[in-house]
1. Would you call residue B:378 buried (at least 23 other Cβ atoms within 10 Å of the Cβ) and either hydrophobic (A, V, I, L, M, F, W, C) or touching a Lys or Arg at 6+ places or on another chain (Cβ under 8 Å) (or both)?
2. Examine the range B:205-220 for a residue that is under 25 Å from residue B:161 (Cβ atoms) and part of a loop (DSSP other than H, G, I, E, B), and state whether such a residue exists.
3. So how many residues does the range B:284-333 have that are within 14 Å of chain C (Cβ to nearest Cβ) and either in contact (Cβ under 8 Å) with a residue 60 or more places away in the chain or closer than 30 Å to residue B:89 by Cα (or both)?
4. May I ask you to verify whether residue B:223 is within 25 Å of the chain's Cα centre (by Cα), at pLDDT below 95 and hydrophobic (A, V, I, L, M, F, W, C)?
5. Which condition does residue A:180 not pass, out of (1) modelled with pLDDT under 85; (2) part of a loop (DSSP other than H, G, I, E, B); (3) not hydrophobic (A, V, I, L, M, F, W, C), if it passes all the others?
6. Could you say which residue among A:290, A:205, A:281, A:264 is away from chain C (no Cβ under 11 Å) and of a type in the set (Gly, Ala, Ser)?
7. Any chance the range C:175-188 includes a residue that's within 19 Å of the chain's Cα centre (by Cα), in a helix (DSSP H, G or I) and within 19 Å of residue C:214 (Cβ to Cβ)?
Amino acid sequence: MSTITAVVTRDVTTAAGSPSPQGAPRRRSHLRKRLELALLLGPATLLFVTFVFLPLVAAAYYSLFDWNGFGPLVDFVGLDNYTKALGDPLFQGAISHNLFIVIASLVVQLPLSIALALLLNGKIKGRTALRLLVFAPYVLSEAVTAVIWLSLLQPNGVVDGLLEGAGLGGLVQLWLADQNIVMLTLFAVITWKYIGFGIILFLAGLQGVPEELREAAQIDGATGWQTTRLIVLPLLGPTIRIWVFLSIIGSLQLFDLVWIMTLGGPAGASTTMASYLIDRGFRRYEFGFGSAVAIILFAICFVFALFYQRFALRRDTQGAITGRVE
Amino acid sequence: MNTRSTRKYVAAGAVALMSLGALSGCSGGDGDSADGTTTLTFWHNGTTEPIQSIWQDAVDEYEKANPDITIDVVPIQNEDIDTKIPLALSSDSPPDIYFSRGGGQLATQAQSGQIADITEYTSDWIGDLGKAADNWAVDGVQHGVPYASQVVGFWYRTDLFAQAGITSTPTTLDELNDTVDKLKAAGIAPIAVGGKDRWPDAFYYNSFAVRECGEDVLKKGLAEGDLSDECFTKAGQDVIDFIATEPFQEGFNGTPAQQGAGSSAGLVANGGAAMELQGTWHKSVMQGLTDTDLDPLVGWFPFPEVDGGEGDPSATLGGGDGFACTQKHAEECADFLEFLSNDDIQSELVESQVVAIPVKEAAAATITDPVMKSVYDFNTEAAYIATYFDVALPTAAGSALNDAVANLFAGKGTAESVAEAVKAAE
Amino acid sequence: MTATTIAPAPAPARSKASFGVMTPVRYLFALLIVGVTVAPLFFVILGGFRSNAQINSDPAGLPSPWVFSNYAAILVSESFWRFLANSTLISVAATVLAVGLGSMAAFALSRYRFRGREALYSMFTVGLLFPLGVAILPVYLLLRQLHLLESWIGVALPQAAFALPVTIIILRPFMAAIPTEIEDAAVMDGATRLGFFWRILLPLSRPALVTVSVLAFITSWNGYLLPLLVFNDPANFTVPLGVATFQSQYAQDTASILAFTALSIVPALVFFIFAERHIVGGLTGSVKG
């Protein structure tokens, strides 16, 4: 979503011609301004601090204790939970599974969603209906998605039947039971579910590519591919960079689908950082330990966000995370 | 906005939010209303028929006999209840009566300080339930009352056994392997297992350990969370060797245990696999997954003997279902649980086949199905029952055990790895 | 598209074809996408029109004959409508809160100058890195202290709070992009700043407001873990909890499960269909500035 941030922010500074919306001097009592700000910012800040910020602080606090959720926090263990988590091969595996999803998303989903956005941006019959259909899986809840795909993927289920019907019986796999296949299967389902979001984003980005540029290129004899590569893609740059940001954050936080479809199994082959967290917290009642995992996950996302903003997003904007409007 | 005014505003808002919370908290109440009636909250895991109606009817009857008591019945799905109970026990309004499997799980829950001591309220009648009730006591303090006992054994399809030319059920491990071979030769998946959910995998390790370990070693190991005795290593190796014979259905590591026709229970219910190592509840679970009447098609035999094992061959893995009480209305809870264990309700549970092994002997007379009767008799004659390891151990260790056995099923780990995982989780 | 009118950039000609040729390839490609994205949905919807016997004999077949009783039974059941009502109440409340408070905050963060503004904005954006799924344990313990368990407020408030980062991140630049001249003109006409916000800025921001509303609504509608932990009484269940409950209660009745699942998709889908035009429009508007 921050695509919009970055893109707009850039356009604001260049196009609106008035970098500071507060530029015009105004006579206004200081008190009045304060009251207005309190009225405007107070409720949102209160809600946010109560339900997002306090829990974050609380998780950091719980993470220092060996605590099974019952009774008072008495067993202070310092950073033990952190060293234990980072030293656990299962958690290390979980990190690698998250990284797999990160990389696979970039390699597969990025070109795919740009291609589909280009297709849906063109003149094609039933374009509106097509857009709706492509976006439909994004609207489904993760729980429903998992129910659908679990029944499609079960051994001798619909997917196997279709492959055999198409003479591709050799491709049939134990989709969710084979440790070497399960991450690929999950990735396919994730792609099915979330590709619509990328498409919508790129469709919006494409509206910002002036038609005249493409036409001029075509008049100059450029092929469709050349036009795309030399003109459309560079202009989509900001949208791409933000999609990449959101995709990576989402991949690092992957949870619902994995939990419902595999519980992180078999043998931890599809455990993600978040499913590891819930497993430890709610199945083993290791709430202090689970909190430490939550903080590690947050820290990884935070560090990534800072770096990404510094090296990639800076070109578009001052950044989505510590972004400035001015 | 400067920081001072921010802070002030946040503080004012926090007060507003707290009072909002307090307001809605009032409506919940503490269960004791002004007119002298007491409201009890009752959480059970019987979300399917017929058990849901049995509990509801029992509550209706109890309320009629005790006009000063109202019981709020909350059925919660079995998959969710293990998540919800610890959270509720760490809150200030836990349910008054809740589903419990006893054992180390109950002992872990007792650490919350919310669980009631009902020893004095139950002492007059708890003896009627026999040894089964011991599992709901922690260090001699009674916290709950069972309504059913369970044992784990093989449920099998008589029609598929006949089809494969198998005339008698296996009594030794060699015979079991032989049975598996015959079924494979007939093109039938021999054994279904719900590997996705992990606890069904653990039944194999647990059952092998019951066969390999002597009673004292077994009980001491579980009580201390120390499975380092050699017999547990043997059990681990037995599991590895058994998996190596490839007795399970295709893709067993991704199969859920009970959900839908594609689950391991659904496979056996619909003839897609010949047998499954499961608890006594399994027949009614299978019946829920098919429209075919399973009574004539399903048989049962205990886990086979293992050569050289120290365990008594008649011992078995098992456990039970029951309810525990929390402190606020301990006496009322105990009274209700006494009512729940009366002969009529016990008989009703048995007749509906929800419960195979009632805790009241009188109710056993109502068992008519010969297969269920054989399960009941096996339990009665068993030398001892070893509680499911994940229930007997503290929650974290029990869960670690299930995970480690599931890893063996996925080809990861060694004969010692289960003991190591339990030790690490202690 | 309101934003277009104020955009200094030339309005792109959306109606024009961008690439004229390769039409057959395009249609083939389009057909393929439709097949892959929609087939699973059709499997669910059509499965609800089949009997269990039909499904068991051929999982991938078409209904023959068509069976309407699965859908009918669910549509007349009281519980389905109660799940729907609960979900609607929670999602509407969470959306109104998130978009209402979020737009106020975005207004202050985009068009006021004050100390600590960027710090406050950063705090909101950090929320993006700490999603509800990861925060669920402390959130649960907090709700317990506030006595908000078993209450729809206990679901709607956290969902609104976790929707704030996205809402503010989208709205802030959009609002900042609206030229100062418009505000000056409003002030000349005697409007206060809050009056400008209410009467001019919000209407102008409609495309972006629709976008953030859709995102907040869908996220809340699909929420599973939080309502699962907050609600015990089935009378309070939301649609996703209802689907899960129905699934385990009628495990042998695959056709009814598919019908129930299909019906549970409908509200979110309908909501999206109405909002879709605004989403692309909304993003377009903001992308163009």
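The values are calculated or read from the model by the stated rules, or taken from the named source; none is laboratory data. Computed from a prediction, not measured in an experiment: that's the story for all the values here. Positions of Cβ are backbone-derived with ideal geometry, glycine not excepted, and every protein chain shown enters the neighbour counts.
1. Details: buried (at least 23 other Cβ atoms within 10 Å of the Cβ): no; either hydrophobic (A, V, I, L, M, F, W, C) or touching a Lys or Arg at 6+ places or on another chain (Cβ under 8 Å) (or both): yes.
It is false that residue B:378 is buried (at least 23 other Cβ atoms within 10 Å of the Cβ) and either hydrophobic (A, V, I, L, M, F, W, C) or touching a Lys or Arg at 6+ places or on another chain (Cβ under 8 Å) (or both).
2. Scanning the range B:205-220 turns up no residue that is under 25 Å from residue B:161 (Cβ atoms) and part of a loop (DSSP other than H, G, I, E, B).
3. The first filter runs over the range B:284-333 and keeps only residues within 14 Å of chain C (Cβ to nearest Cβ), leaving B:284-294.
This time we only want the ones that are either in contact (Cβ under 8 Å) with a residue 60 or more places away in the chain or closer than 30 Å to residue B:89 by Cα (or both), so: B:284-288.
Of the residues in the range B:284-333, 5 are within 14 Å of chain C (Cβ to nearest Cβ) and either in contact (Cβ under 8 Å) with a residue 60 or more places away in the chain or closer than 30 Å to residue B:89 by Cα (or both).
4. Working: within 25 Å of the chain's Cα centre (by Cα): yes; at pLDDT below 95: yes; hydrophobic (A, V, I, L, M, F, W, C): yes.
In short, yes.
5. For residue A:180, the failing item is (1).
6. Numbers: A:290 fails: away from chain C (no Cβ under 11 Å); A:205 fails: away from chain C (no Cβ under 11 Å); A:281 fails: away from chain C (no Cβ under 11 Å).
Unique residue meeting the criteria: A:264.
7. Looking only at the range C:175-188, we keep the residues that are within 19 Å of the chain's Cα centre (by Cα), and these are none.
Checked the range C:175-188: no residue is within 19 Å of the chain's Cα centre (by Cα), in a helix (DSSP H, G or I) and within 19 Å of residue C:214 (Cβ to Cβ).
So that you can scan it fast, the table gives a plain yes or no per residue for (1) under 29 Å from residue B:402 (Cβ atoms); (2) acidic (Asp, Glu):
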site	(1), (2)
B:327	no, no
B:345	no, no
B:348	no, yes
B:351	no, yes
B:358	yes, no
